[in-house]
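The values are calculated or read from the model by the stated rules, or taken from the named source; none is laboratory data. What you see is a predicted model; the values in this text were computed from it and never measured. Note that we place each Cβ from the backbone using ideal geometry, even for glycine, and neighbour counts take in every protein chain shown.
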Amino acid sequence: MTVTVDLPTVLAGLAGTSRLVLEVPHPASVADVLDVVGEVHPAVERRVRDETGAMRRYVNVYVDGGDVRALQGAATPVPDGAVVLVVPSIAGG
Amino acid sequence: MSTTMLAVGTVKGLFLGTSEDGGAWRWEGPAFSMTRVAAVAFDTRHQPPRILVGGGHEHWGPVIAHSDDLGASWVEGDEAALRFPEDTGVAVERVWQLAPGPADRPGEVWAGVEPAALFRSDDEGKTFSLVTGLWDHPHRPSWQPGAGGMCLHTVLPHPDDASQVLVAISAAGVYRSQDGGQSWAPSNAGIEVTFMPEKLPEFGQCVHKVARDCADPDRLILQNHGGVFRSSDGGASWERSETGLPANFGFGLTAHPSRSGTAFLFPLIADMNRMPPDGMARVYRTDDYGATWTSASHGLPREGFYSVVLRDGLTTDGDDPLGVYFGTRSGGVFASRDEAASWEEVAAHLPEVLCVRAAVVS
């Protein structure tokens, strides 16, 4: 199945594009999608998740507009054709 | 013509200053914008010196990178150069210290991180491995974080003996290995603490910085969380080193790189009053291995100065005469071209300075 991953400016610079269109095995979770991101752009993936696989505290991930922290976290299902949005949260001074 | 470079790590990136033949400083940056650059090192085993940078971005996690062209470009691998093994279940929060080994051990680079752990590289900092002997130390579950976090912030490899390494951790204290990092023992005998019922615990000291003498590696100066100490036996034991100081709190400390017995520090009043005594910016200097200290502050602000120099914010450049530098939490950088005999402000209004390193780069 196909999933679109939209990246913020900083990560787009590392990926060379702000939109990744990825082929992902079905069914897929957010973790599965990030695994595929890590295969093609490891420098992007490690900025979204740490080495334990946990999503970084100040990075928000949405699946078709839903905040995965309010859903099932990294286990949130990602349907065919979904848009996964990665956004830095409000932090810092 | 000689060029001196200052690398200033701040809470919002790295600034690089260059000065040719003692002339005015020209500043560039920030590189790694919005990254807390807590660790910088000039690896002078390379020509030009390699600049190593470490830190952490609030959003995107730890950063470790290097430049072989004096900051014109940076190399940061796609894969993380430094990560905990999967079986630890732990992630690196931030790099706090990068310490190249001596000239005759060319690949050796050490990294201290948060949560408190030591990593070692044998490929010039391209990849690092966790030093499991320290990570598995039975004391580790009892270590408590200092205000800055649970960090390993000081790594002093022995210049002549690859088997000996000294680290400092806040707040666990000094630990030493004498077998290349396989096993570790606390080394805090004589370092008093003020924040626990026991005044001389085996470990748990909040050591802020340790500096090693350039010619006698067994001589060390240590800035503790309340107390300046010295050792003449490699850290096996410590005694007070406060004669002449206006106060015994502080963070910034560095040793002269070529004159044995000389070191510099920046005192603060106390843990509950973290400001310079008398509102004066003052660097103190010892020339007798910490037996006595005297102010070496001509040209520094003499009133209305309330800023702080953090643990890696005071450094030297290796030149002759020696350049001495410090950066402040209020974004100022001060420089001395004459071994701290006189000072001038060379940068102002930078973000909060976390670390400063300097080198003669050409």
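Figures for the structure shown
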{"read-out": "Unique residue being touching a residue at least 60 places away in the same chain (Cβ under 8 Å) and either touching an Asp or Glu at 6+ places or on another chain (Cβ under 8 Å) or in a loop (DSSP other than H, G, I, E, B) (or both) when the list is B:341, B:359", "value": "B:359"}
{"read-out": "Options A:21, A:5: the member that is in contact with a strand residue (DSSP E or B) (Cβ under 7 Å, 6 or more places away or on another chain), buried (at least 16 other Cβ atoms within 10 Å of the Cβ) and farther than 19 Å from residue B:34 by Cβ", "value": "A:5"}
{"read-out": "Test result for residue A:91, within 12 Å of chain B (Cβ to nearest Cβ) and over 11 Å from the mean Cα position of the chain (by Cα)", "value": "yes"}
{"read-out": "Residue within the stretch B:168-175 that is more than 17 Å from the chain's Cα centre (by Cα), polar (S, T, N, Q) and within 24 Å of residue B:313 (Cα to Cα) present", "value": "no"}
{"read-out": "Qualifying positions in the stretch A:54-72 - within 14 Å of another protein chain (Cβ to nearest Cβ) and exposed (fewer than 14 other Cβ atoms within 10 Å of the Cβ)", "value": "A:54, A:57"}
{"read-out": "Options A:45, A:39: the member that is within 14 Å of chain B (Cβ to nearest Cβ), crowded, with 17+ Cβ neighbours inside 10 Å, outside any strand (DSSP E or B) and without any contact (Cβ under 8 Å) to a residue 40 or more places away in the chain", "value": "A:45"}
{"read-out": "Pairs with Cβ under 8 Å, 6+ apart, first in the stretch B:123-152 and farther than 25 Å from residue B:43 by Cβ, second acidic (Asp, Glu)", "value": "B:149/B:93; B:149/B:114; B:150/B:114"}
{"read-out": "Flag if residue B:76 is facing chain A (nearest Cβ under 10 Å) and either of a type in the set (S, T, N, Q) or within 22 Å of residue B:155 (Cβ to Cβ) (or both)", "value": "yes"}
{"read-out": "Verdict on residue A:75 being surrounded by fewer than 16 Cβ atoms within 10 Å (Cβ to Cβ) and facing another protein chain (nearest Cβ under 10 Å)", "value": "no"}
{"read-out": "Of all residues in the stretch B:86-98 being over 23 Å from the mean Cα position of the chain (by Cα) and facing chain A (nearest Cβ under 10 Å), the one that is nearest to residue B:40 (Cα to Cα)", "value": "B:90"}
{"read-out": "Residue match in the stretch B:269-289 (condition: assigned to a loop (DSSP other than H, G, I, E, B), aromatic (Phe, Trp, Tyr) and in contact (Cβ under 8 Å) with a residue 60 or more places away in the chain)", "value": "yes"}
{"read-out": "Yes/no for residue B:106 being closer than 30 Å to residue B:160 by Cα and modelled with pLDDT under 95", "value": "yes"}
{"read-out": "Given (1) free of Cβ contacts under 8 Å to residues at least 60 places away in the same chain; (2) under 21 Å from the mean Cα position of the chain (by Cα); (3) within 16 Å of residue B:109 (Cβ to Cβ); (4) within 13 Å of another protein chain (Cβ to nearest Cβ), number of the condition residue B:83 does not satisfy", "value": "(2)"}
